[in-house]
Structures are given as C-alpha cells and as structure tokens.
Amino acid sequence: MKNIRDSINKVIFVIGVSGCGKSTIGKLLAEELEIPFFDGDDFHPKVNIIKMSSGQPLTDADRQGWLETLNELAKTQLAKSSCVIVCSALKETYRNTLSLGIESATKWVFLNGTFNQIYNRVNKRPNHFMPSELLQSQFDTLEEPKDAIKIDISLTPEDIIKTLKENLMDKSEFGLFGLGVMGKSLCRNLANNGFKISMFNRHVTGVEENVAKDFKAQYSELSKAEAYDEISAFVNSLQTPRKIMLMVNAGKTIDYVIEDLLPHLSGNDIIIDGGNSNYVKTKERCNYLKTKGIHFIGTGVSGGEEGALKGPSIMPSGDPEAYKNVQPFLEKIAAKDQNNLPCCTYVGPEGSGHFIKMVHNGVEYVEMQLLAEVATILQALGQDPNDIANTLESWKDAANSYLLEITTVIFRKKDGNDWLVNKILDKAGNKGTGNWATIASAELGVPSTLISSALFSRYISFYKDERIELSDNFDKVDASELNLTTTEILEAYQFARIINHYQGFKLIAEASDKFSWNLNLSEIARIWTNGCIIRSTLMTDLVDVFKSTSNILTNSDLIKVVKHNKQATKKVVSECVINDLAIPALSEALQFFNGITTLYASANIIQAQRDYFGAHTYQRLDDNSGKSFHTNWI
C-alpha cells in the first residue's frame, strides 16, 4: 500500500459537530494510513470540560487556548510524520488558528450529517461529556468549510475510508495545464515544495507528443507527479475542489481551454489563469464561470523562467474565498521578501491581479528603455561594453535593481573577439502588455507618458529598413564632444526611475478608485521587492512610502532626491538633444515632471481654442461657481 509518508507530511483534520463520528473515522483513517491519531477533545483544559459537562457552551475565548494547543501539536507532529487530528473546528476562524503556519500541509475532512442523525447518535453514546442539548448550539455555530473533503456520514465507515484514501493519497493536490517554459518551471517549483501535482500538455501528433511524460522523466523531483495528455484523466486525477493553473498563451487560447475543461469540472472547482491576460477579459471570464459554479483566479506571475522555478512574484485576484483554497500553494512557491514573507498577496476582485501585472510590465518597459538610453550615452562618451558594465556595476550601491544587474552581465558577454551585444539586431519585440497599459492609461485619463514612450521606442526600433534609409538622408552631429560625467548620468537615471514609479503606481491608484478595487499600494510594492523583473532597492523603499501616501512625489525623502537630481537631468537631456542622441524616456521624464509641477499650465489656451471652433465652453479663474462660459470670439 502506498503510504502517505511517501510524500510531504500532512496533518489531516477531521472536523464536524460533536457526534458526527469524528473519532471513529479519524482512528480508522489513521490506522489505514499508518500514521498517528489524536483526539482534540483529549487536549481540552479541565476548565472547558467542567463547563461543557455543566451544560454551558464554550465561548471563543474558551476555545482559543485549546485551538492553539492543537496547532502546536500539529506543528510538532509534522516535523516527524503525518497525523490525523479530530476536532470540531466549526468556525472558519477556528480552522485558521488550527492551520496557522502550516496551511500548505493541512487537509480538511468534513463529516456532514443532519441534526436528527447526529442527535440520535449523541443520545446513544454513554459517558460523553457533552450533553445532547448542546448539539443545537454546535449547528448554530457551524460554518461549513469550502476547502474540505465533504463526507456524508450516512455512508458506511468502510466507504468513507475508501473515499478519503482516494482523495488524500491517490489524487493530486494541484494541476498545471500547459508545459511551456513557465509551466515547466512552476511544476518543478511545486514539486520541490512537496506538493503532489498533475501536469497536462496537449497531444498533437508529430508536433507535441508525450510532452508531460518526457518532462516528468527528465527531473527527479517530478517522480511523484502525474503526467497526462488527455483532459478527462487529468481532471479526474485531482482532489476536489480541483485547483487547475493554466499556463497557456493569453487570448482566445484561454477561452478554448476553459471550454475543454468545463465538461469535466464540478461546482467550486478553481481555474487559475497564470498568463499575461488582459484584465478586461479576466473580468469577463470571472463572470462567465460564476454562472457555471466555477471560480476563476486571474493571476499575474513575474520572474521569467528562473523566477518561476526558484520563486516568482505572484499577483492573484478574484473571489477571496476561492483564493483561500489556492493560497497555500501560491504562497509556498512564491519568492520571499526581506522579512521572509511570500511575494504573493490577494490583490483584489475581478481582473485586478492581471491589471497590476500589466502595469508591472509597463514599468518594466521603461526601466529597460532607461538602461538602454544610459548605455547609449556612455557609448557616446567612448566607453566600450566592458567599460559600460563597470560603470553600471559601480551604480549598484546607489540604484541597484535586477535589471541593472542583468544589464551589467549582458555588456560583459563576449562572442568570439567581440561583445555579443554588438551583434544583436536592434529591433525590440513586445508581447502586448505595454500596449494594453498605454490603452488603459488613455481610457482612465492617466498620463503614463513614460510607458507609452518606451512602447513607441520599441515600435520605432522595428522600422529598421526605414531607419537605415533616413539615417542616410539626414546628417547627425558628432557626439564625441558630449560634456557629461557618469555621476550626472546616474543622477538623471535615478530621477527618471522615480518618475517612472510615480506614473506606474498612479495608474494603479486611479484604476483602484475607478473600479472600486481598494488596492493596497504598499502591499503591491512589497510583493514586487523580490521574484519579479522590476525588483529594486527603490521598490523596497516604496513599501514604507506607500504606508503614508499614494503619491510618492509628496514623500520628503524622494522630494530631496528629485530636487538634487533635477539639475543633472536637465544637463543630460540638453547635451543629448544638442548631440542628436535619442533618449525619449529620459527626456520625457523631465518634460512630464515640468508639466506635473507647473502651477498654471498652457491648457487655458487649448480651452480657448476648443471654445472658438467647437463652442466647448470653459471655466474662469475668477469664478469659483463651476459655471461654464462661452465667448463669441469674432
């Protein structure tokens, strides 16, 4: 017989009202699985037993110490082996205490029966300390768990144990659909963290054959994983409620997969979309699947192949109750912040998780563009790739980030006698999230000008043939006279990065207000401090900044940095303009800052123009009533 000790240790809590048969089933289950059994009633303090024996129901305060004792028992036992603990655990708050700190190792079995069934059972039991009169109070207290294996107590004990064995031992805890680069890395991450998983990849004759099986055979950590290329078998291999994470291409593919899965799913099963989906489509899918009784968790995942394997930043959203069922899995595989907390948090409802992943990628576009522009300036100063790498590395104390680190490595990489970066075609691709972020900014009326600038810079790069032609038509200044220091370039880089983060979080804040998402900017910054592509020392600083403001340009420390670095930024931008160097993001950061800090903008002229040709009206500075005015300008 396959023993539960063959996998990661688990604590199985058998719960239900008094008299439902917890002790009987718990003992039988422990014997069948050959693991220790504990009856929670044996751990009640004497004062609780006396109180119940006198016909008084326990209060939450009475139970708290008892629940904490059982939690400590579970933790102690898990260090040695799996175990079965029976305990009424009627409220969700009780179950939260029982599983505190061991969520990923906790399994719930709920013995369900009618009041009359259990009342009759209690009356037949001799010498039980709880009188049957207290049974109604237990039913009144009961909050049925949604994440438990629900068992009908009218079944025979043999059938109950058979059902539990199948769910607890033979079936997988988590399913992953789609074995591309990210899907494979997440599978290995889940397996390395002790979860029993099922993996699915489609079968396409001559194109994709035995992908899951071959992948399983490739890595020892997947020895206990199940591999499938047939959907029905894959779905049936999972414990209920099923948890299936989709790692397939965003767009119509997601909808096709959902339709393929639906005939095989049951009520309260959970689909997790871990791809870069559009947040609007995520909201639509949430609403559609709700009509089918299925939960949908839209989840941003950042970190690339390495992050997915070692710990990504994870941004889930959707039904908060459904999220609790997948929380132990996602938090366990996520990267950890400086306080060892998972870089994973429940973001909010609907498509908010995919929205902030979209903004994350927009900020990422800008961070990459800024480093590219900095490298262009350093090259114009005469630095070769190795010199540029040395300069960037010297900036780590002042402005470290994951992207700065990898860009340093990139500039050091040789290919033969030359640096590899010099041989790469200068046409930058994109996968759509920067485009969506720009569209969302326009729809929400938020000036995310750096994201659009970085996006359009990639678009410009793609016109390679036209750029070659036009470069012959128009002469450029020799940039050898560029009058800049590396310190000034660093300060301009720091200035632009602060503006980039201001704009990114401003977009999130405006969406939160518009859609009533109630997003926590500090918590979002926290889960972006590790695992994700835009992790940096600046992001770590923003965790505390957002605890007191939603506008980072009102923070006194950042105000000092911006004020100090503005002069260098002006010089860098001016020198680059004079010397015909294209620095769209650096210059836009300065232009935006000048605009957002202008007391009286030129928009008064635009309003006059609009009123002249379209009678669109305007308001006056000398009239506080909000009244609109129109002038006959001729």
Exercise. Of the residues that make up segment 286-293, is at least one at pLDDT 95 or above and under 12 Å from the mean Cα position of the chain (by Cα)?
Worked result: no
For this session: Starting from segment 496-523, take each residue that is touching a residue at least 12 places away in the same chain (Cβ under 8 Å) and list its partners that are assigned to a helix (DSSP H, G or I) and small (Gly, Ala, Ser), counting only C-beta distances under 6 angstrom and pairs at least six apart or across chains.
Result: ALA496/ALA589; ILE499/ALA589; LEU507/SER441; TRP517/SER352; LEU519/SER512
Seminar exercise, completed: Quick count over segment 45-74, residues being basic (Lys, Arg) and closer than 25 Å to LYS165 by Cβ, is 0
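Check ALA454, ALA442 and return the single one that is among the small types (Gly, Ala, Ser) and without any contact (Cβ under 8 Å) to a residue 12 or more places away in the chain. Before the answer, list the steps.
Values: ALA454 fails: without any contact (Cβ under 8 Å) to a residue 12 or more places away in the chain.
Criteria check complete, one pass: ALA442.
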For this session: Please find, within segment 436-470, the residue that is surrounded by the fewest Cβ atoms within 10 Å (Cβ to Cβ) out of those that are under 26 Å from the mean Cα position of the chain (by Cα) and in a loop (DSSP other than H, G, I, E, B).
Result: GLY445
Problem set entry | Residue count, segment 7-64 (criterion: among the hydroxyl-bearing types (Ser, Thr, Tyr), surrounded by fewer than 19 Cβ atoms within 10 Å (Cβ to Cβ) and under 25 Å from THR114 (Cβ atoms)) | 2
Exercise. Applying the selection to segment 165-189, what residues are outside any helix (DSSP H, G or I) and of a type in the set (Gly, Ala, Ser)?
Worked result: SER172, GLY175, GLY178, GLY180
Seminar exercise, completed: Pairs returned, first residue in segment 371-383 that is closer than 12 Å to ALA582 by Cβ and among the acidic types (Asp, Glu), second residue that is assigned to a helix (DSSP H, G or I) and modelled with pLDDT of 95 or more, beta-carbon separation under 8 angstrom, 6 or more apart or interchain, are GLU373/PRO584; GLU373/ALA585; GLU373/LEU586
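Regarding SER394, is this residue touching a residue at least 40 places away in the same chain (Cβ under 8 Å) and farther than 30 Å from ASP513 by Cα?
On the way: touching a residue at least 40 places away in the same chain (Cβ under 8 Å): yes; farther than 30 Å from ASP513 by Cα: yes.
Spelling it out, SER394 is indeed touching a residue at least 40 places away in the same chain (Cβ under 8 Å) and farther than 30 Å from ASP513 by Cα.
Name the single residue that is surrounded by the fewest Cβ atoms within 10 Å (Cβ to Cβ) among those in segment 617-634 being of a type in the set (A, V, I, L, M, F, W, C) and over 16 Å from TYR600 (Cβ atoms).
Here the answer is ILE634.
A quick yes/no check of all residues on (1) not in a loop (DSSP other than H, G, I, E, B); (2) not small (Gly, Ala, Ser):
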| position | (1), (2) |
| --- | --- |
| PHE38 | yes, yes |
| MET52 | yes, yes |
| GLY55 | no, no |
| ASP62 | yes, yes |
| GLY65 | yes, no |
| LEU70 | yes, yes |
| LYS75 | yes, yes |
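Small (Gly, Ala, Ser), over 30 Å from MET358 (Cβ atoms) and not in a helix (DSSP H, G or I): which single residue out of GLY626, GLY531 fits that description?
Values: GLY531 fails: over 30 Å from MET358 (Cβ atoms).
Just one listed residue meets the conditions, GLY626.
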Problem set entry | Residue in segment 552-561 that is within 27 Å of THR376 (Cα to Cα), in a helix (DSSP H, G or I) and not aromatic (Phe, Trp, Tyr) present | yes
Exercise. Taking the stated definitions as given, is SER104 in a helix (DSSP H, G or I) and either β-branched (Val, Ile, Thr) or modelled with pLDDT under 80 (or both)?
Worked result: yes
Exercise. Failed condition for ASP42, given (1) of a type in the set (D, E, K, R); (2) on the phi < 0 side of the Ramachandran plot; (3) in contact (Cβ under 8 Å) with a residue 24 or more places away in the chain, with all others met?
Worked result: (3)
Problem set entry | Qualifying positions in segment 572-603 - under 33 Å from the mean Cα position of the chain (by Cα) and aliphatic (A, V, I, L, M) | ILE583, ALA585, LEU586, ALA589, LEU590, ILE596
Seminar exercise, completed: When restricted to LEU581, LEU553, LEU538, LEU558, the only residue in contact with a Phe, Trp or Tyr (Cβ under 9 Å, 6 or more places away or on another chain) and crowded, with 19+ Cβ neighbours inside 10 Å is LEU558
Exercise. For residues in segment 563-608 being out of contact with any Ser or Thr (no Cβ under 6 Å at 6 or more places or on another chain) and among the aromatic types (Phe, Trp, Tyr), which is farthest from VAL477 (Cα to Cα)?
Worked result: TYR600
Problem set entry | Of the criteria (1) over 25 Å from LYS332 (Cα atoms); (2) exposed (fewer than 15 other Cβ atoms within 10 Å of the Cβ), which one LYS80 fails | (1)
Problem set entry | Subset tally (residues that are farther than 15 Å from THR485 by Cβ and surrounded by fewer than 20 Cβ atoms within 10 Å (Cβ to Cβ)) for segment 380-389 | 2
Problem set entry | Filter result for ASN96 (within 28 Å of ASP319 (Cα to Cα) and either in a strand (DSSP E or B) or in the same structural domain as ILE49 (by TED's automatic domain parsing) (or both)) | yes
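For segment 249-358, list the strands (runs of 3 or more DSSP E) that sit wholly inside it and hold at least 3 residues that are in contact (Cβ under 8 Å) with a residue 24 or more places away in the chain, surrounded by fewer than 16 Cβ atoms within 10 Å (Cβ to Cβ) and of a type in the set (Ser, Thr, Tyr); which are they? It would help to see each step written out before you state the result.
Numbers: elements: 270-273, 295-302, 313-317.
Filter on segment 249-358 gives an empty set.
Mind listing whichever residues of segment 423-434 are part of a helix (DSSP H, G or I), surrounded by fewer than 18 Cβ atoms within 10 Å (Cβ to Cβ) and touching a helix residue (DSSP H, G or I) at 6+ places or on another chain (Cβ under 7 Å)? Spell out how you get there, then give the answer.
Going through segment 423-434, the residues part of a helix (DSSP H, G or I) turn out to be 423, 433-434.
Next, only the ones that are surrounded by fewer than 18 Cβ atoms within 10 Å (Cβ to Cβ) stay: 423.
Those that are part of a helix (DSSP H, G or I), surrounded by fewer than 18 Cβ atoms within 10 Å (Cβ to Cβ) and touching a helix residue (DSSP H, G or I) at 6+ places or on another chain (Cβ under 7 Å): none in segment 423-434.
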For this session: Determine whether LYS547 is assigned to a helix (DSSP H, G or I), among the charged types (D, E, K, R), in contact (Cβ under 8 Å) with a residue 12 or more places away in the chain and assigned by TED's automatic domain parsing to the domain that holds SER512.
Result: no
Exercise. Can you spot a residue in segment 474-481 that is out of contact with any His (no Cβ under 9 Å at 6 or more places or on another chain), in a loop (DSSP other than H, G, I, E, B) and of a type in the set (Asp, Glu)?
Worked result: yes
Exercise. Residues of segment 197-208 being surrounded by 22 or more Cβ atoms within 10 Å (Cβ to Cβ) and not small (Gly, Ala, Ser), which ones?
Worked result: ILE197, MET199, PHE200, ASN201
Exercise. In this structure, does GLY194 turn out to be buried (at least 16 other Cβ atoms within 10 Å of the Cβ), small (Gly, Ala, Ser) and not in a helix (DSSP H, G or I)?
Worked result: yes
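Scanning segment 212-236 for residues that are farther than 18 Å from ASN189 by Cα and among the aliphatic types (A, V, I, L, M), which turns out surrounded by the fewest Cβ atoms within 10 Å (Cβ to Cβ)? So that I can check it myself, show each step before the final result.
Narrowing segment 212-236 to residues farther than 18 Å from ASN189 by Cα: 228-236.
Next cut, among the aliphatic types (A, V, I, L, M) only: 231, 233, 235.
Working: ILE231: 16, ALA233: 13, VAL235: 23.
Here the residue is ALA233.
The values are calculated or read from the model by the stated rules, or taken from the named source; none is laboratory data. In this text the structure is predicted, and so the values were computed from the model without any measurement. Cβ: placed from backbone, ideal geometry, glycine included. Neighbour counts: every protein chain shown.
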